[in-house]
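Asker: This structure is in structure tokens; I'll ask about it shortly.
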Amino acid sequence: MQDEGGFFLIRAKAGMNPQVLEAFREDGKRLRSLRNKSLQTIHPKLPKRQRVDLVVQWPMDGRPLCLRLIISWNPKTQSFCSLLTNLSPRRYPLDTICRAYTWRWQVELLFKEWKSYANLHAFDTENPAIVEGLIWTAIAAAALKRFLAHMTQLLVEVPMSTRKVAMCAMHVLGDLVEALKSGDVTGLYTALEAAITYLACHARRAHPARDRRTGRSQLGLEPFFENDDVIDFAEAA
């Protein structure tokens, strides 16, 4: 998900004590008794049967910092779970935020992908400049693979597996890199078209219907490209 100006979604630590400006239950009812009080003051009154969506505020260097705090009761741990975000409730309802947080393991999969398929691991050198160069090379290769995965999904309209793309993109990266190195625009178009065609056939998601029901596709998220020139370039290919 991407929101204008950037976004974040983190699990808040216990013990914080911002001022609560607004409070809503997940069924939409406004909890007026929780407003204009500190979080620690209202904590014993928080409902356990429904999640609550709060607008909270901290004083920060002379200006207030307002964020959204979602709190839910976990019956297994017998404790509250708090999620802090700046995502708009109009665009991202409470349930969407909670489901998105359960997919935080995607970040772990990304690091695993870098280590397994982009050679981001221990390097046999004591030269820090060489290590830094190898790290950036690995991340650049991984970023290019993600770009190809998302661009293929956008243009061919098939759900792509980023893991499969990371595994098999080596078959198409060579021509792309050579075209970029030589500045061969025609060769770059040809290589990009070949890469998209190859990946669309060999790196599709195995169970797209299941992913739409219970997996990462259930939020309807699509690849985001900040610059339309990138899309125009790929479509021209």
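Asker: Is one or more of the residues making up the range 176-194 among the small types (Gly, Ala, Ser) and under 24 Å from Leu110 (Cβ atoms)?
Answerer: The answer is no, given that none of the residues of the range 176-194 is among the small types (Gly, Ala, Ser) and under 24 Å from Leu110 (Cβ atoms).
Asker: Give just the number: which of (1) open to solvent by 80 Å² or more (accessible area, probe 1.4 Å); (2) over 30 Å from Phe147 (Cβ atoms) does Ser82 not satisfy?
Answerer: (1)
Asker: Considering only residues that are within 12 Å of Phe24 (Cα to Cα) and of a type in the set (Lys, Arg), which ones fall in the range 43-90?
Answerer: Arg51, Arg68 - these are the residues of the range 43-90 that are within 12 Å of Phe24 (Cα to Cα) and of a type in the set (Lys, Arg).
Asker: Also, quick follow-up: Pick out the one residue from Arg11, Arg32 that is open to solvent by 80 Å² or more (accessible area, probe 1.4 Å), of a type outside the set (Ser, Thr, Tyr) and within 27 Å of Trp105 (Cβ to Cβ).
Answerer: On the way: Arg32 fails: within 27 Å of Trp105 (Cβ to Cβ).
Just one listed residue meets the conditions, Arg11.
Asker: Kindly establish whether Arg99 is closer than 28 Å to Val56 by Cα, open to solvent by 50 Å² or more (accessible area, probe 1.4 Å) and not in a helix (DSSP H, G or I).
Answerer: Here the answer is no, as Arg99 does not meet what is asked.
Asker: So which residues in the range 47-78 are open to solvent by 30 Å² or more (accessible area, probe 1.4 Å) and in contact (Cβ under 8 Å) with a residue 40 or more places away in the chain?
Answerer: Matches in the range 47-78: Arg51, Trp58, Cys66.
Asker: Answer with yes or no whether Glu113 is in contact with a helix residue (DSSP H, G or I) (Cβ under 8 Å, 6 or more places away or on another chain), open to solvent by less than 60 Å² (accessible area, probe 1.4 Å) and not basic (Lys, Arg). Talk me through it step by step, then tell me what you get.
Answerer: Working: in contact with a helix residue (DSSP H, G or I) (Cβ under 8 Å, 6 or more places away or on another chain): yes; open to solvent by less than 60 Å² (accessible area, probe 1.4 Å): yes; not basic (Lys, Arg): yes.
Yes, satisfied.
Asker: Next up: Looking at Asp175, is it open to solvent by 70 Å² or more (accessible area, probe 1.4 Å) and either farther than 30 Å from Ala100 by Cα or modelled with pLDDT under 85 (or both)? I'd like the intermediate steps shown before the answer.
Answerer: Working: open to solvent by 70 Å² or more (accessible area, probe 1.4 Å): yes; either farther than 30 Å from Ala100 by Cα or modelled with pLDDT under 85 (or both): yes.
Answer is yes for this residue.
Asker: For the range 42-78, give me each residue that is of a type in the set (Gly, Ala, Ser) and either within 14 Å of Glu22 (Cα to Cα) or at pLDDT below 90 (or both).
Answerer: If we filter the range 42-78 for residues that are of a type in the set (Gly, Ala, Ser), which is where we start, we get 62, 72.
Residue satisfying the conditions is Gly62 alone.
Asker: Among the listed residues Asp95, Asp53, Asp61, which satisfies the condition of being touching a Leu at 6+ places or on another chain (Cβ under 6 Å) and over 30 Å from Lys145 (Cβ atoms)? Reasoning before the result, please.
Answerer: Working: Asp95 fails: touching a Leu at 6+ places or on another chain (Cβ under 6 Å); Asp61 fails: touching a Leu at 6+ places or on another chain (Cβ under 6 Å).
When all the criteria are applied, what remains is Asp53.
Asker: Name the residues in the range 89-129 that are of a type in the set (Ser, Thr, Tyr) and closer than 21 Å to Arg11 by Cα, would you? Step through it out loud before you land on a result.
Answerer: As a first pass, look at the range 89-129 and keep what is of a type in the set (Ser, Thr, Tyr): 92, 96, 101-102, 116-117, 125.
Result: Tyr92, Thr96, Tyr101, Thr102.
Asker: Arg163 - would you say it is open to solvent by 50 Å² or more (accessible area, probe 1.4 Å) and in contact with a helix residue (DSSP H, G or I) (Cβ under 7 Å, 6 or more places away or on another chain)?
Answerer: Numbers: open to solvent by 50 Å² or more (accessible area, probe 1.4 Å): yes; in contact with a helix residue (DSSP H, G or I) (Cβ under 7 Å, 6 or more places away or on another chain): yes.
Judged against the criteria, Arg163 is a match.
Asker: Only one residue in Leu188, Leu148, Leu154 is open to solvent by less than 60 Å² (accessible area, probe 1.4 Å) and closer than 27 Å to Ala206 by Cβ. Which one? So that I can check it myself, show each step before the final result.
Answerer: Working: Leu188 fails: closer than 27 Å to Ala206 by Cβ; Leu154 fails: open to solvent by less than 60 Å² (accessible area, probe 1.4 Å).
Exactly one of Leu188, Leu148, Leu154 is open to solvent by less than 60 Å² (accessible area, probe 1.4 Å) and closer than 27 Å to Ala206 by Cβ, namely Leu148.
Asker: OK, next. Across the range 102-139, what is the total count of residues that are among the polar types (S, T, N, Q) and either in a helix (DSSP H, G or I) or within 30 Å of Gly28 (Cα to Cα) (or both)? Give the steps one after another, and end with the answer.
Answerer: First, pick out the residues of the range 102-139 that are among the polar types (S, T, N, Q): 102, 106, 116, 119, 125, 127, 137.
Okay, now just the ones that are also either in a helix (DSSP H, G or I) or within 30 Å of Gly28 (Cα to Cα) (or both), so 102, 106, 116, 137.
Total satisfying the criteria: 4.
The values are calculated or read from the model by the stated rules, or taken from the named source; none is laboratory data. Model, not experiment: these values are computed from the prediction. Positions of Cβ are generated from backbone atoms using ideal geometry, with glycine treated the same way; all protein chains shown enter the neighbour counts. Surface areas here come from the heavy atoms of the whole protein model, side chains and all, with no ligands, DNA or RNA. Shrake-Rupley method; radii C 1.70, N 1.55, O 1.52, S 1.80 Å.
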